[in-house]
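Trainee: Please see the structure below; I have some questions.
The values are calculated or read from the model by the stated rules, or taken from the named source; none is laboratory data. Just so we're clear, the structure is a prediction, and the values are computed from it rather than from any experiment. Note that we place each Cβ from the backbone using ideal geometry, even for glycine, and neighbour counts take in every protein chain shown.
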Number of protein chains: 2
Amino acid sequence: MGKHKVLNTPAIRRMPTYLHKLMLMQAAGERFVSTSKLADYMGLDPIIVRKDFELTGIQGTPGVGFKTVELIASLRRFVGWDERTTACLVGAGSLGSALLGYEEFAEYGLRFTYVFDADSRKHGMLIHAHEVLDVRKMREYLTPAPPDIGIICVPSSTAQMVADELVQCGVKAIWNFANVCLQLPHDVIVQREVIAGGFALLSMKRRSHGAETGQDD
Amino acid sequence: MGKHKVLNTPAIRRMPTYLHKLMLMQAAGERFVSTSKLADYMGLDPIIVRKDFELTGIQGTPGVGFKTVELIASLRRFVGWDERTTACLVGAGSLGSALLGYEEFAEYGLRFTYVFDADSRKHGMLIHAHEVLDVRKMREYLTPAPPDIGIICVPSSTAQMVADELVQCGVKAIWNFANVCLQLPHDVIVQREVIAGGFALLSMKRRSHGAETGQDD
């Protein structure tokens, strides 16, 4: 893996928080932002915030900070959210429903194009304005124009099967919320969301009170 | 913040994945585990896995690896999951329901003692065997024996108010799923879960194809 570029994971994880706050500030008419203000809001050292911004290629003006509109554009471009991302979601249970209703995704260019579930009682139902389709028809819907990403919210026991199916439909990137590491071809990009990871961090912070990494590492 | 100990965030975030897999291996009768096998499963460099394990204070035996039972105990102790953590959850919407139904939490010692919601139609309902209580009675329930952590799953607009209330009830650690950075007294530990953080990482991996950080950084 030495040949690969290493991503600055904590910095990238902070990007949506910066973006969301910056867009609120922009909406409130704040044309300039200082790193110290954002650092204060997020409970981080201003140096970390400045480094995160510089990662995206933008340079601030000393004493003035950043133009809000330019900073937003720079962060978006950096993450790849200047373009739309289409997604199909498989598994319309409580977690899937929560994702479909997560308003900020629109800000980040994420658009749900298909929602699938195995439970026939859910077929035809609307969840946050998305119709639930029969998972057995996935291939029929997706193959002609595969979405950019597939989001897996099914139980662990069926996650691998669903992932295989998505890959066969031509999906090249998977966001996996199931508690299993998927075994997929190397050209498929996988991001696994481990909800319990945050609980691990919280537990560590409680144990070693005073350890400080900000609110959302 | 220089006086604080810095936590190895990515390593800590991997702990639940190791633990879950190790417990499956233990249940399957595997008394020893090698770092390379776990590294392979998780799509990580074996060196990273070895360093993660050493963080917890355990030493493997060359050529043999680790005793599964000892490794599990070491990881658990390190994160603080050798003790029970009691939690109250506020906001029994789709995300809250997903958390209440997340089976692995029991493995990590997390136990939900109270569930609150503002919606009177939900009061008395059972969600994954937890009764939903009136959020206005939070103080009455929590003050006599505050839970170890408070989990916030309410909309962003009310998250700060709920957090203030939890702190007034004596809660000292908060796991925040709302898209807002809470402003709380310094002795309160806050962990914010940014679901979109994973989407940022996935987007970056898609942009810079070949960048490799494993499936769940």
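Trainee: Quick check on segment B:94-117: of everything there that is of a type outside the set (S, T, Y) and assigned to a loop (DSSP other than H, G, I, E, B), which residue is farthest from A:V154 (Cα to Cα)?
Mentor: B:G109
Trainee: Tell me which residues, restricted to segment B:112-139, are among the hydroxyl-bearing types (S, T, Y) and either within 21 Å of B:R84 (Cα to Cα) or at pLDDT below 95 (or both).
Mentor: B:T113, B:Y114
Trainee: Collect the residues in segment A:19-38 that are more than 10 Å from chain B (Cβ to nearest Cβ) and outside any loop (DSSP other than H, G, I, E, B), keeping them in residue-number order.
Mentor: A:L22, A:M23, A:M25, A:Q26, A:A27, A:F32, A:V33, A:T35, A:S36, A:K37
Trainee: For segment A:105-137, which positions are among the basic types (K, R) and touching a Ser or Thr at 6+ places or on another chain (Cβ under 9 Å)?
Mentor: A:R111
Trainee: Something else about it: With the checklist (1) within 10 Å of chain A (Cβ to nearest Cβ); (2) at pLDDT 95 or above in hand, flag the one item B:I47 doesn't pass.
Mentor: For B:I47, the exception is condition (2).
Trainee: Please specify each residue of segment B:66-92 satisfying the condition of being farther than 18 Å from B:T17 by Cα and modelled with pLDDT under 95.
Mentor: Within segment B:66-92, B:E83 is the sole residue that qualifies.
Yes/no per residue for (1) outside any loop (DSSP other than H, G, I, E, B); (2) crowded, with 22+ Cβ neighbours inside 10 Å:
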position: A:L44; (1), (2): no, yes
position: A:I47; (1), (2): yes, no
position: A:K51; (1), (2): yes, no
position: A:Q59; (1), (2): no, no
position: A:V69; (1), (2): yes, no
position: A:A73; (1), (2): yes, no
position: A:R77; (1), (2): yes, no
position: A:W81; (1), (2): no, yes
position: A:A92; (1), (2): no, yes
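Trainee: Taking the residues in segment A:86-107 that are of a type in the set (S, T, Y) and in contact with a strand residue (DSSP E or B) (Cβ under 8 Å, 6 or more places away or on another chain) as candidates, determine which candidate is nearest to the other protein chains (Cβ to nearest Cβ).
Mentor: A:S97
Trainee: Right, another one. Those residues that are farther than 26 Å from B:E103 by Cα and surrounded by fewer than 18 Cβ atoms within 10 Å (Cβ to Cβ), I need them from segment A:110-122; list them, please.
Mentor: A:R111, A:T113
Trainee: Which of (1) surrounded by 18 or more Cβ atoms within 10 Å (Cβ to Cβ); (2) of a type in the set (A, V, I, L, M); (3) under 22 Å from B:A98 (Cβ atoms) does A:V167 not meet, given it meets every other one?
Mentor: It is condition (3) that A:V167 fails.
Trainee: Shifting gears a bit: Tell me yes or no: at least one residue of segment B:48-71 is within 30 Å of B:V115 (Cβ to Cβ) and without any contact (Cβ under 8 Å) to a residue 12 or more places away in the chain.
Mentor: Taking every residue of segment B:48-71 in turn, none turns out to be within 30 Å of B:V115 (Cβ to Cβ) and without any contact (Cβ under 8 Å) to a residue 12 or more places away in the chain.
Trainee: Can you pull out every residue in segment B:123-140 that is buried (at least 18 other Cβ atoms within 10 Å of the Cβ) and out of contact with any Lys or Arg (no Cβ under 7 Å at 6 or more places or on another chain)?
Mentor: If the condition is that a residue be buried (at least 18 other Cβ atoms within 10 Å of the Cβ) and out of contact with any Lys or Arg (no Cβ under 7 Å at 6 or more places or on another chain), then B:I127, B:H130, B:L133, B:V135, B:M138 are the ones that fit.
Trainee: Please work out if B:V132 is away from chain A (no Cβ under 12 Å) and more than 20 Å from the chain's Cα centre (by Cα).
Mentor: When the stated conditions are applied, B:V132 passes them.
Trainee: Turning to a different aspect of this structure: Would you please name the residue that is farthest from A:T85 (Cα to Cα), looking only at residues in segment B:153-198 that are acidic (D, E) and more than 11 Å from chain A (Cβ to nearest Cβ)?
Mentor: B:E165
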